[in-house]
Ligand code: FES
Ligand code: FES
Ligand SMILES: [Fe+2]
């Protein structure tokens, strides 16, 4: 899990096709599902290369401390929770509060005032705990991506985490271009029309990217036929199918997916004769070559059916296992071919805009691959375009 | 951390922001621009009467994100040794020699609640902290004490921006700050509070005493201290270490530790700041007043005066005015 490879730089300036992409630090990353962080015992999790100890205070606030004691760097996550909001180092018993300040040194009457560990900004939102691993003074909760489907009463669903042994950018690529479904997910959601239909790519000033693809009057693949029948028992026939991929910087992708009875107006906005789901994905770089991949499938029909929730979660779990196998194989091939580069196709437009957004964020931190750092150029993209 | 190199910053704006308080906006040269985090200050070179240059420290009240403009605010003090008068003479276009923003009062995020306590122009050290903590969504209260509203810089701005998080205590309006009651309430209602204090020494003393009296954790009280914290000014004194047959003099600019080492003693130390306690030696005898400048020894240990952090602590002349002497043992 701690294996590291060096970032592969570009040989052609202006192109952002580095294979292993560094991750911005000044960003919110989902660090855990809300239920994974408890007031009983700390949890260890590495985010953006930083090992963290996660826990909750007695009044329920999530806390993320650097997982290395000020004294001799023993991991605090092996310690225990003490008092209202504290954690005790398992080695010599130093205690810290939620702000990371040492509050007790068992072997002496006073406390060294410089004894502290970094406490990172933490926000609980959309069923996840989010942490800001970079400069705490730049954190602004308003920039947490909109994943309201996760906890809105109009949507129901559930998800899981994949511990993916690959660079986070590979997962973003995978989600920004769904033409791979025909080949990777042939038995569930794949179909030939995915590659044949037109798509548009849009990007906004805030770095967000949208890829839209409509497949009109197609045979529904098995996954979607089943969903249609959940809502419209006995459904037969052809559908209009859509995939609208919304990317939010740095690494959240919410995909509006669905099918509606062919010719009933879904492309024009009337989805009443169809089923609609949202595939929620937020990817957290763990190291350069490992990622925490949090996903969920949310739907806006048959909200009270736990059976459907479970079936959809298990169905998507199977689909994503196919992606994971490919991503692992791809990362291995990248490691085995350090001198070979990536080339791009038109289907990569979305993924390429994602790279540009990430590179601008890195530039603002003075770590860009291709854009020279300049204090005068903040991490914003130019005017939107369509391809 | 940050270098103390002085550079020429251009004065771009001067405004009176309260009675006797002048806001000066500076534009550092391109190469010396650095984001000014809350709690940072500038070391500024001022001319005092007689032409001697001296260094003063002024908090950065606010700044642009890239550090291209920094504001300080200086109170014209009637007892000024010349520093504030110098700053008050500045006009747009003038040059002020100063450092890049230096940090010695950093805010840490993650506390359950923050109590910021400013007295008068002490607000300059806390205004940016209050704004930042508010933006981060922290639970923060800013208590701002002053004599009259027209002597409280930025009060209106802060109230407009932070609303009822700002609690003014204006003594001429009969609303004198009751430090003890405030700290008592904190201890009762929010013992997880981290307090940041900046203001006149009297305020600081009152807060420190109340903090201790109400049993709050000492590490949760932070205050701005510029320079040495000794009760007595540094003077030369004799130190003896009979176990090694050493007798030497500690000059004002040196420490017991350095002097003993120079005389050949092999001593253990680490932080050199009076924090770790590794340098503590037993005291056999003192002629004079022990000036404990460490934070390692507890109050009881200080009163007993049978041990000393030799990296920072000193001895000053007692009332008899004899040459001070310190006799140390080895542990
Ligand atoms: S390493 Fe944590 S107390 Fe010593
Ligand atoms: S060396 Fe740390 S207290 Fe003296
Ligand atoms: Fe896939």
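Read-outs: derived from the displayed coordinates by stated rules, not from any lab. Predicted model, so just to flag it, every value in this text is computed and none were measured. Reconstructed Cβ throughout: ideal geometry from the backbone, glycine too, with neighbour counts over all protein chains shown.
Return the ratio Rg/(2.2 N^0.38 Å) for the protein assembly as shown, where Rg is computed over Cα atoms only.
Cα-based Rg divided by the globular estimate yields 1.17.
Express the Stokes-Einstein translational diffusion coefficient of the stretch B:7-103 in µm² s⁻¹, to the nearest whole number, given a Kirkwood radius over alpha-carbon pairs, 4 °C and a viscosity of 1.567 mPa s.
So the translational diffusion coefficient is about 98 µm²/s.
On average over all directions, what projected area in square nanometres does the stretch A:245-338 have, based on the convex hull of its Cα atoms?
Here the figure is 8.3 nm², rounded to one decimal.
If a paramagnetic tag sat 7 Å from the Cα of residue A:84 along the Cα-Cβ line, which residues of the stretch B:163-195 would have the backbone N under 18 Å from that point?
The answer is B:181-195.
May I ask you to derive the relative contact order of the stretch B:113-225, considering only C-alpha pairs under 8 Å and at least 6 residues apart, and to give it as an integer percent?
30 percent
Only bridges with both residues in the protein assembly as shown count here: give the DSSP antiparallel percent, nearest 5.
85 percent
With axes computed from alpha carbons, what is the tilt in degrees of helix A:306-336 against the longest principal axis of chain A, rounded to the nearest 10 within 0 to 90?
Between helix and principal axis, roughly 80 degrees.
I'd like the antiparallel share, as a percent to the nearest 5, of DSSP beta bridges with both residues in chain B.
Given both bridge residues lie in chain B, the antiparallel proportion sits at roughly 65 percent.
Starting from the Cα gyration tensor of the stretch A:73-186, take the square roots of the eigenvalues, sort them a ≥ b ≥ c, and report rounded, prolate or oblate (rounded when a/c is under 1.5, otherwise prolate if a/b is larger than b/c, else oblate).
Prolate, since a/c reaches 1.5 and a/b exceeds b/c.
Which values of log₁₀ I(q)/I(0), to two decimal places, follow from the Debye formula for the stretch B:180-257 at q = 0.17, 0.18, 0.21 Å⁻¹ with a uniform point scatterer at every Cα?
For the requested q values the scattering log ratios are -0.73, -0.76, -0.90.
Using Cα pairs closer than 8 Å and at least 6 residues apart in sequence, work out the relative contact order for the stretch B:7-103, in percent.
Relative CO of the stretch B:7-103 lands at 39 percent.
Order of A:353, A:242 from fewest to most other C-beta atoms within 10 Å?
Neighbour counts put them in this order, fewest first: A:242, A:353.
Between rounded, prolate and oblate, where does the stretch B:41-180 land on the alpha carbon gyration tensor, with a ≥ b ≥ c its root eigenvalues, rounded for a/c under 1.5, else prolate if a/b exceeds b/c?
Oblate, because a/c is 1.5 or more while a/b does not exceed b/c.
Give me the inter-chain shielding for A:112-123: mean count of other chain Cβ atoms within 10 Å, whole number please.
4
For a protection proxy built on the mean count of beta-carbon atoms within 10 angstrom, sort B:173-186, A:44-57 highest first, please.
The packing order, highest mean first, is A:44-57, B:173-186.
Specify the angular offset, from 0 to 90 degrees and rounded to the nearest 10, of the alpha carbon long axis of helix A:222-231 from the longest principal axis of the alpha carbons in chain A.
90 degrees
Please express the Cα-Cα pair-distance distribution P(r) of the stretch A:167-272 as a list of whole percents, one per 10 Å bin, running from 0 to the bin with the greatest distance.
14, 44, 32, 10, 1
If I histogram all Cα-Cα distances within the stretch B:242-307 using bins 5 Å wide from 0, what percent of pairs lands in each bin?
For the stretch B:242-307, the binned pair fractions read 3, 14, 25, 28, 22, 7, 0 percent.
With 10 angstrom as the radius, rank B:307, A:251 by how many other C-beta atoms surround their C-beta, starting from the fewest.
Ordered by Cβ neighbours within 10 Å, fewest first: B:307, A:251.
Report, in degrees rounded to the nearest 10, the 0 to 90 angle that the Cα long axis of helix B:179-189 makes with the longest principal axis of chain B.
The two axes meet at around 90 degrees.
Please state, rounded to one decimal and in Å, the Kirkwood hydrodynamic radius that the stretch A:212-266 gives when every pair of distinct Cα atoms enters the mean of 1/r.
Hydrodynamic radius (Kirkwood, Cα only) of the stretch A:212-266 equals 12.1 Å.
For q values of 0.11, 0.13 Å⁻¹, compute log₁₀ I(q)/I(0) with the Debye formula on a Cα-only model of chain A, without solvent.
Here the Debye-derived log intensity ratios amount to -0.84, -1.11.
I'd like the distance between the alpha-carbon centres of the stretch A:120-157 and the stretch B:292-331, rounded to an integer number of Å.
For the stretch A:120-157 versus the stretch B:292-331, the Cα centre distance is 53 Å.
Kirkwood Rh over Cα pairs of chain B into Stokes-Einstein at 20 °C, 1.002 mPa s: D in µm²/s?
97 µm²/s
Taking every pair of Cα atoms in the stretch B:113-225, average 1/r, invert it to obtain the Kirkwood radius, and report Rg/Rh to two decimals.
Over the Cα atoms of the stretch B:113-225, Rg/Rh equals 0.93.
Just check the stretch A:289-351 against the gyration tensor rule for me: Cα atoms, a ≥ b ≥ c as the square roots of the eigenvalues, rounded for a/c under 1.5, and otherwise prolate or oblate depending on whether a/b exceeds b/c.
Note, shape of the stretch A:289-351 comes out prolate.
Which whole-number percent is the relative contact order of chain A (Cα, under 8 Å, 6+ apart)?
19 percent.
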